[in-house]
Structure formats: structure tokens, C-alpha cells
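The values are calculated or read from the model by the stated rules, or taken from the named source; none is laboratory data. None of the values given here were measured: they were computed from a predicted structure. Cβ coordinates were reconstructed from backbone atoms using ideal geometry, including for glycine residues, and neighbour counts include every protein chain displayed. Surface areas here come from the heavy atoms of the whole protein model, side chains and all, with no ligands, DNA or RNA. Shrake-Rupley method; radii C 1.70, N 1.55, O 1.52, S 1.80 Å.
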Amino acid sequence: MCAMGVGSFLSRFIGDDLISRFIQVEIAISVIGGICSLTLFLVFPLVNALYNAVMYSLILIIGTLVGLEIPILPKILSQREGTRRSIANVMSLDYLGALIESVSFPLLLLPQLGLIRSSFAISLINILTAIVNVVYFRPHLKRYPLYLGSCVMVLVALIAFTVAGTRLSSFAEHHLYFDQVIYEEQSPYQHIVVTKSPQRP
């Protein structure tokens, strides 16, 4: 929440070309939000001393970006609608999206996909939002091919990471535990991992 407040404060310094800024923020959220879980899984066993610094840095960056995008939307919509109506629409959709995500993450995404694949899957929503805006606001974008190409590249990468999420999870977990992982299961409530110590003479 603090980071979102920082992002909302920084949004006052964004002047012209709001559509481009919104698309840039969505792309950044997609990339950073997608890799955050995998990054933390790898940092913890490999560079444990930096884990807290990396974790809080990711929280601050993602929170700031989310705080940036919320004030930008009413500014864009107010050019076609009244300010009061645009703020009401943005806030209602924001609260509805928060409700859907808070319910779907523990009940659907986490049990079915696991933590790492869920982060990539959620990031797909942001990049699809960016693509929709790129196509819809095409006449207003000076660098339309660049934005569209960047969005497509991120989309393909996120789909590939989501499909390969099981292998990425296994790779991260083999570095997380000292012993060999012989069994793992994602239950609706937790990720169960069983390890086996190597036999010693």
C-alpha cells in the first residue's frame, strides 16, 4: 500500500502522452510481476543474504507501478467523459478486479498452477490489457510498431514460461533443498515436497 501511494504521488509528474505511459506501465508490470516468484525462489538458496533486499525491491517496484496506472486511467477517460464518471468507472473496475483476483488466486490458480506458473498467468492479464490498448489507441501512438512488437514478445515469453512452469518450479526447488527431491504435490492448500538424503558410506 505504501508503494502504491508512492506511485500515485509520482503520477502527478506524468504530463502528456498518457496512453503511451499507461502501456509502458502495463508492460513493466507484466515482466516484473511474471518473474518475481521465480526470482525469489532462486535468490533464497543461491544468494540468501540478498533475499530481503530483492524481495522488498520487487514489492516496491510492483506497488509503485500499480499506483502509477490507477491515476493515469481517469486522466485518459476524462478526455471523453466527465472527471466524476471516469473516476467512478476506474475505481469500480479496480475493486471488482481485486475481488476476482483475491478469490481466484487461492481457489483456482494456486491449486492448479502452483506459485510460479500463477505469477506468469496473472501477468498475461496485464500484457493482454496492454495489447488491447495498443490496438484500440493505434491512431494516437507515435511508435505503434514498437509497442505492438514489445507486447507480442512479452506475451510469447509469458506463455512459454507458463507452459514450462513445472520445469522452472522443479529447477528452483532443487536449489531450494539440500537433499534430492523425490516427490512433490500441489494440494489445494500447500505445496508438498518430500526429499531424500543421499546415502553415505
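A few notes on this one:
- One chain, two ends: Met1 and Ile70. Fully extended at 0.36 nm per residue, the span grows by 23.6 nm beyond their Cα-Cα distance.
- Modelled spin-label separation between Leu96 and Lys142, with each label point placed 7 Å from Cα along the Cα-to-Cβ direction: 3.5 nm.
- Spin-label model distance (nm) - Val47 vs Ile14, 7 Å beyond Cα toward Cβ: 2.9 nm
- Compared with the alpha-carbon gap, the fully stretched path from Arg167 to Ile182 is longer by 4.0 nm at 0.36 nm per residue.
- Protein accessible area in the range 1-140, 1.4 Å probe - carbon and sulfur %: 69 percent
- In the full protein context, the range 111-180 carries 60 Å² of accessible surface per residue, based on a 1.4 Å probe and ignoring ligands, DNA and RNA.
- Debye equation applied to the C-alpha atoms of the range 26-174, log10 I(q)/I(0) at 0.17 Å⁻¹: -1.11
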